[in-house]
Amino acid sequence: MTELTTDRLLLRNWKEPDREPYAALNADPAVMEHFPAPQTREQSDALIDRNRPAIDERGWGLWALEVRETGEFIGFTGLSVPSFEAPFMPAVEIGWRLAKGAWGNGYASEAARAALAYGFGPAGLDEIVSFTATPNLPSQRVMQRIGMTRDEAGDFDHPRIEVGHRLRRHVFYRISRSQWESTR
């Protein structure tokens, strides 16, 4: 099992006690502002159930995120393969979702840098992408902080969000292994 550590954080596989705080995070309208709707407990549990074996099998996925000093679960950060058709596919995406109480501490950027290092290191990836709904400026700032560049030609309408929905249009960011290496 792959675990990543930073000065303040542990990126690890999911545990049963993560289910309750993860479901609460996904039910929080503030956390889910840039998603079409908050998630049900079943949807929340399904992500955990998909990621546990993925992390065990390939060494990476969306890792549970924990504050090392306290052991507090605060969300997830990691790498995943998007499961919808898009012009940029196939690709590996970096993403994060943190509980509101964890915002503003630099945790998303810190954890994302660790995930990038794993992606371009042991996982051997050549490129990592990220995307979010156009109004999600906080996530776009994280993408920029970790060295990603917006590819405006790659911006797209998310196929799983209905036409006319305010979150349908997504911005697209990417970083190559060589770009990442030049920023280290």
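Please treat every number below as a calculation from the coordinates, not as lab data. Quick caveat: nothing in here was measured; it's all calculated off a predicted structure. No Cβ is skipped: glycine too gets one built from the backbone with ideal geometry, and neighbour counts run over all protein chains shown.
Data overview
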| quantity | calculated |
| --- | --- |
| DSSP loop GluC sites (Glu not before Pro) with at most 16 other Cβ within 10 Å: longest gap in the chain | 86-161 |
| Prolate/oblate/rounded call for the stretch 46-184, Cα gyration tensor, a/c under 1.5 rounded | rounded |
| Estimated vicinal HN-Hα couplings, Hz - the stretch 132-146 in sequence order (Karplus 6.51, -1.76, 1.60; Gly, Pro = x) | 7, 4, 3, x, 7, 5, x, 5, 5, 5, 4, 4, 5, 4, 8 |
| Helix-derived mean residue ellipticity, 222 nm - over the chain, DSSP H n ≥ 4, -39500 (n - 2.57), to 500 | -9500 deg cm²/dmol |
| Size of charge dipole - the chain - debye, nearest 20, with Cβ of Lys, Arg +1 and Asp, Glu -1, no other charges | 340 debye |
| From phi via Karplus (6.51, -1.76, 1.60), per-residue ³J(HN,Hα) for the stretch 109-125 in Hz, x at Gly/Pro | 5, 4, 5, 5, 4, 5, 5, 4, 4, 5, x, 8, x, x, 6, x, 6 |
